[in-house]
1. Placing unit charges on C-beta atoms (Lys and Arg positive, Asp and Glu negative, everything else neutral), compute the dipole magnitude of the stretch B:294-383 about its Cα centre in debye, rounded to 20.
2. Which one of B:123, B:171, B:222 is farthest out on the positive end of the charge dipole of the stretch B:35-233, using unit charges on Cβ (Lys, Arg +1; Asp, Glu -1) and the Cα centre as origin?
3. May I ask for the Kirkwood hydrodynamic radius of the stretch B:68-162, worked out over all distinct Cα pairs and given in angstroms to one decimal?
4. Expressed as a whole number of Å, what is the distance separating the alpha-carbon centroids of the stretch B:393-419 and the stretch B:329-345?
5. One quarter of the convex hull surface, Cα atoms only: what value does that give for the stretch A:2-74 in nm²?
6. Relative contact order of chain B, please, whole-number percent, based on alpha carbon pairs below 8 angstrom and at least 6 residues apart.
7. How high is the relative contact order of the stretch B:329-384, given as a whole-number percent (alpha carbon pairs under 8 Å, six or more residues apart)?
8. I need B:130, A:63, B:104 ordered by Cβ neighbour count within 10 Å, fewest first.
Amino acid sequence: MNALRRLGTPAQRIVIDPIACDGFGYCAELLPGLITLDEWGYPIIESSLVPARLLALARLAVKECPRRAIGLATCEQPSDGYSGQQQP
Amino acid sequence: MTALVDQRVVTPRLLACVQRTGAFDLASHVAVHGWPKALDLPPSRRSRLAPWAEELLTDIEDAGLTGRGGAAFPTARKLRAVLSTRRRPVVVVNAMEGEPASMKDQVLLSFAPHLVIDGAELLAAAIGAKEVLICLPDDRIEVGSVLRATLAERDRAGLLRSPVHVATPPGRYLVGEESALVDWIRGGPGLPVFRPSKGAPLTLGPCVALVHNAETLAHVALIARHGPEWFRSAGVPGAPGTCLVTLSGAVARPGVYEIEMGTPVADIIDLGDPTATPAAALVGGYGGGWIPSSAFKAPYTPSAMRELGAATGPGILVALGSASCLIAETARILGWLAAERAGQCGPCTYGLPAIAEDLAQLARGTGDRGLLRRLERRTGQIAGRGACRHPDGAVRLVQSVLRNFPSEVSEHAQGRPCASALGETPLPLGVPHWP
């Protein structure tokens with residue numbers, strides 16, 4: 001993180017749109033350390049923060065996803081969110 | 001109607017009018033609650049805060065009011081998040097109440113409709129909302145007619161400040177989810193919408209939706225009249241105020257009760273005259289959890305229930321009688337939740353039916369050797385991976401069983417199901433209709 005800050009690159013984290021995702025699994029192929037697949041082939045994000053050495057592969061995963069379901073977001077996300085659900 | 005309020009627990013607030021006068025028309029409402037002064041002050045001009053808006057917002061903040069729809073999110077923070085978009089708000093009153101075991105919103109709208117409208121009107125006037133939209137399911141026809149008559153009564157008295165409309169989306173469970181409701185209002189099918197940041201305000205054309213549960217708005221109406229100190233004089237410091245609870249299951253008097261936050265769970269169940277000492281209770285409804293009778297002394301607050309693996313949810317308590325099996329009940333509920341899923345996200349679409357089937361096998365005692373490990377894995381993988389929190393609630397319910405009832409679970413897993421699991425004794429849910 002500190003090294004990234006010094007380079008002026010904000011840290012990136014993986015975001016998956018679960019509605020768009022159809023479980024093609026390219027992301028888990030490209031980023032096995034960060035994404036695994038569940039028994040039905042849908043991605044589980046094991047670690048959303050992308051280390052600098054995997055940034056190029058993460059960008060490739062974003063580009064290659066046939067459903068355009070994966071994206072990268074900068075980490076300075078406002079965390080003031082409510083869960084936005086009436087009943088659970 | 002079964003007992004609405006029991007004086008042993010709390011002086012009624014939300015249901016004070018019908019309780020004291022037996023009526024809920026405008027004259028009785030004003031006689032009991034008074035009229036909120038702010039509604040006689042000039043409302044906000046288009047998309048600007050009324051001069052008195054900040055005071056109301058601060059009062060709601062100081063009162064510590066949290067949403068009564070299930071998520072228990074601080075009401076004032078939601079308001080400020082919507083205001084920060086600088087779009088003109090539409091106040092959406094969420095009375096969709098899609099859980100079979102919940103009836104508090106329909107009781108509230110049937111017996112204190114003016115209080116809910118007061119709350120919505122106050123917020124709308126404070127923040128310059130374009131309109132108020134009250135959403136209730138299309139199959140609740142009686143509630144809809146009470147509501148329309150109430151709006152007509154206010155209109156005749158010249159007391160409607162904003163355009164107030166009643167909308168009747170389809171009465172499916174998931175339409176009550178905030179983003180699904182807004183999707184329906186936008187003309188969509190009424191399905192949850194993916195938001196990268198779960199709390200991001202939802203837009204409605206050029207406007208932004210401010211969605212609050214009906215009970216939350218009734219509390220806003222009272223806070224505007226009596227202030228935050230009054231609100232906090234009931235309840236406990238971390239969980240102030242009163243709330244409505246729908247109590248059902250193995251009780252002689254199921255009903256909607258107004259209780260103080262922090263009331264021990266045992267005392268709430270006692271209000272309904274339990275038929276025998278219940279072995280367990282479902283707290284928070286289908287997205288909540290089961291707690292054992294040894295935990296009934298715990299205070300009914302969001303944090304205490306969370307620690308027990310349950311939730312307060314939309315104020316649901318179901319007492320489990322000795323004739324019912326908690327695992328069989330949970331299997332039944334999971335089957336229902338799986339059927340009610342939107343079918344948009346993989347983990348929920350495939351996960352919930354699989355977990356429901358696992359539980360059905362566990363209940364019957366016909367599971368294979370890997371069943372429990374599979375159930376642990378599946379329930380551990382799903383939370384947070386859907387567009388909405390529907391799957392999170394479903395797996396929380398299952399995890400509460402695995403965590404809080406290990407001996408029952410292991411008996412069933414070893415092929416020794418209880419007698420109740422094999423008999424068909426579904427738990428009676430919900431409340432008989434009012435007279």
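What follows is calculated from the coordinates using simple rules that are stated; it is not laboratory data. In this text, all values refer to a predicted model and were calculated from it rather than measured experimentally. Here the Cβ positions follow ideal geometry from the backbone for every residue, glycine too, while neighbour counts run over all protein chains shown.
1. Here the stretch B:294-383 has a charge dipole of around 160 debye.
2. It is B:123, whose Cα lies furthest towards the positive end.
3. It works out to 14.4 Å.
4. Result: 18 Å between the Cα centres.
5. Values: hull surface 18.2 nm².
If you wrap the Cα atoms of the stretch A:2-74 in a convex hull and average its projections, you get 4.6 nm².
6. Details: 899 pairs, mean separation 76.5, N = 435.
With pairs under 8 Å counted, the relative contact order is 18 percent.
7. On the way: 39 pairs, mean separation 19.3, N = 56.
34 percent.
8. A:63, B:130, B:104
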